Structures are given as structure tokens and as C-alpha cells.
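This report refers to the structure that appears directly beneath it.
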Amino acid sequence: MANFYKNAFYDPSTTDAVTLYTAPSNARGIIQNIQITNESGSKIVKTSVTDSSASTTYQVAYASITGSTICNVAKGPIILEEGDSILMETNDTTAVTATVSILEISRDDQNG
């Protein structure tokens with residue numbers, strides 16, 4: 001078993017939901033932090049998790065951000081089982097980015 005620290009970055013070019021990370025079939029992912037940076041204006045940023053075993057997507061965070069702001073919308077760890085995904089979407093693609101910090105726990109010795 002091996003642990004790998006990874007980042008997934010969000011720099012939107014669409015207002016549709018974008019998949020940032022999907023846990024591989026041989027691993028689980030623990031989302032430790034979701035940091036959103038808004039440089040200007042007003043944004044709404046939504047974060048969701050798709051549970052692949054239930055074929056359902058659940059909203060896990062919602063941020064209404066005004067002005068230059070950095071915020072963390074993960075208020076605790078989010079566990080992604082094999083095949084589960086984390087997605088983000090925003091109402092405005094300008095001057096907004098995000099970083100998702102992930103601990104991936106793999107059943108393989110090398111995956112990173």
C-alpha cells in the first residue's frame with residue numbers, strides 16, 4: 001500500500017461542472033482541502049461529489065464570494081471511494097481558480 005499527495009487544479013473555461021479528480025480503481029482519495037481564490041467580482045462556486053456506486057452526484061460545498069477572497073470550502077475530509085469523482089462549477093469563469101489537495105491511498109506500491 002502506498003500514499004501519494006496530489007493536487008487537482010480548477011481554472012474554469014466553462015460554467016458547466018468540471019471533473020477535477022476521479023479515484024482510480026485501485027485507490028481511495030481523501031480530499032483534505034478545497035481552496036478557492038477569487039481575484040475580483042462576485043462568484044458562486046459549487047463543489048460536488050459523484051458516488052459511482054450509487055450513480056448519484058451530491059453537492060458538498062457552496063460558496064458565494066465577493067471581491068478578492070481566498071476561502072476553504074472543505075470543512076472536513078471528503079472520502080472518495082474507487083471510481084468516485086469531485087467536480088466544481090462556477091457562474092463566472094473570470095478571475096477564479098481553485099486547488100484541491102488529495103491524499104490518494106493506493107493498493108499498489110507505485111502509482112504516483
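Is there a residue in the range 59-72 that is of a type in the set (A, V, I, L, M, F, W, C) and either touching a Lys or Arg at 6+ places or on another chain (Cβ under 6 Å) or at pLDDT below 95 (or both)?
The first filter runs over the range 59-72 and keeps only residues of a type in the set (A, V, I, L, M, F, W, C), leaving 60-61, 63, 65, 70-71.
Now drop any that are not either touching a Lys or Arg at 6+ places or on another chain (Cβ under 6 Å) or at pLDDT below 95 (or both), which leaves 65.
For the range 59-72, residues of a type in the set (A, V, I, L, M, F, W, C) and either touching a Lys or Arg at 6+ places or on another chain (Cβ under 6 Å) or at pLDDT below 95 (or both): present.
Could you list, ordered by first residue, the pairs with Cβ atoms under 7 Å in which the first is in the range 39-62 and touching a residue at least 40 places away in the same chain (Cβ under 8 Å) and the second is in a loop (DSSP other than H, G, I, E, B) and of a type in the set (Asp, Glu), at least 6 apart or interchain?
From the range 39-62, the pairs are Gly41/Asp92; Lys43/Asp92.
Kindly indicate whether Ile44 is surrounded by fewer than 16 Cβ atoms within 10 Å (Cβ to Cβ), aliphatic (A, V, I, L, M) and more than 18 Å from Tyr21 (Cβ to Cβ).
On the way: surrounded by fewer than 16 Cβ atoms within 10 Å (Cβ to Cβ): yes; aliphatic (A, V, I, L, M): yes; more than 18 Å from Tyr21 (Cβ to Cβ): yes.
So Ile44 passes the test.
Restricting the search to the range 51-78, which residues are closer than 25 Å to Ala23 by Cβ, surrounded by fewer than 14 Cβ atoms within 10 Å (Cβ to Cβ) and among the aliphatic types (A, V, I, L, M)?
Ala54
The values are calculated or read from the model by the stated rules, or taken from the named source; none is laboratory data. The structure presented is a predicted model; accordingly, all values stated were derived computationally and were not measured. In this analysis, Cβ positions are derived from the backbone assuming ideal geometry, glycine residues included, and neighbour counts consider all displayed protein chains.
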